[in-house]
1. Test of understanding: among Ala140, Ala131, which residue is open to solvent by less than 60 Å² (accessible area, probe 1.4 Å) and without any contact (Cβ under 8 Å) to a residue 24 or more places away in the chain?
2. Within the stretch 85-116, work out how many residues are under 21 Å from Gly69 (Cα atoms) and either among the hydrophobic types (A, V, I, L, M, F, W, C) or in contact (Cβ under 8 Å) with a residue 24 or more places away in the chain (or both).
3. Looking at the stretch 144-168, which of its residues are out of contact with any helix residue (DSSP H, G or I) (no Cβ under 7 Å at 6 or more places or on another chain) and either open to solvent by 60 Å² or more (accessible area, probe 1.4 Å) or on the phi > 0 side of the Ramachandran plot (or both)?
4. Looking at Ile96, Ile58 in this structure, which one is in contact with a helix residue (DSSP H, G or I) (Cβ under 8 Å, 6 or more places away or on another chain), at pLDDT 90 or above, open to solvent by less than 20 Å² (accessible area, probe 1.4 Å) and β-branched (Val, Ile, Thr)?
5. For residues in the stretch 99-113 being among the small types (Gly, Ala, Ser) and either at pLDDT below 90 or part of a loop (DSSP other than H, G, I, E, B) (or both), which is surrounded by the most Cβ atoms within 10 Å (Cβ to Cβ)?
Amino acid sequence: VRAFALERLDEAGERDAANDAHAAHYVAWASRPSRPYPRAIRFLASMRPRVAVEQANIRAALAHLMTRGDGEGALRLAGVFSENVRLNPREGRIWIEWALAHATTNPSVARGLALAELAFLLWSQAQHEQAMHFAEASLAMAQELGDPELLAIALDGLGMIALSQHHY
């Protein structure tokens, strides 16, 4: 069905527009968590079943964003996708590292969350020094932005790294 639909879009000259709309939908969907922090936790918990069902669509959206060079969109989507699906750490790192490299370096919650998620992925691969670097970058961004949710996530990551190294 997917191949047939793609052929029809190609014939109509509408494939790029459809892919743009598809990616925009998933970026907007990933950007929906609201404050305060407890509500965001409930949102993410409620989203996990949908993320599992939508994995192929989210991967397609990320691939399209990469093709378009849309680092900002990829940054917002990759962090949520990686965090809620718990991908193979290598796949999650590919998405997040690409997004971080191609998005602006301006402080943002999306960038801070991506840094924290990259720290988690590195920690899960026992790469504690690299993980610490990204967790500290996430913490610095949380402090600069004054964002309590991001601050909690960054501190949680730093705590996991310290605990795994027996730095009580």
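The values are calculated or read from the model by the stated rules, or taken from the named source; none is laboratory data. Being a predicted model, the structure only gives us computed values, none of them experimental. So basically every Cβ, Gly included, is an ideal-geometry build from the backbone, and we count neighbours across all protein chains shown. Remember, those area values only see protein heavy atoms, side chains included, never the ligands or the DNA or RNA. Shrake-Rupley method; radii C 1.70, N 1.55, O 1.52, S 1.80 Å.
1. Residue meeting the stated conditions: Ala140.
2. Step one: list which residues in the stretch 85-116 are under 21 Å from Gly69 (Cα atoms), which gives 90-115.
Subset that is either among the hydrophobic types (A, V, I, L, M, F, W, C) or in contact (Cβ under 8 Å) with a residue 24 or more places away in the chain (or both): 92-96, 98-104, 107-115.
Residues flagged as under 21 Å from Gly69 (Cα atoms) and either among the hydrophobic types (A, V, I, L, M, F, W, C) or in contact (Cβ under 8 Å) with a residue 24 or more places away in the chain (or both) within the stretch 85-116 amount to 21.
3. We begin by selecting, within the stretch 144-168, every residue out of contact with any helix residue (DSSP H, G or I) (no Cβ under 7 Å at 6 or more places or on another chain); these are 144, 146, 156, 159, 162-163, 166-168.
Matches in the stretch 144-168: Glu144, Gly146, Asp156, Leu163, His166, His167, Tyr168.
4. The conditions single out Ile96.
5. Checked the stretch 99-113; the qualifying residue surrounded by the most Cβ atoms within 10 Å (Cβ to Cβ) is Ala110.
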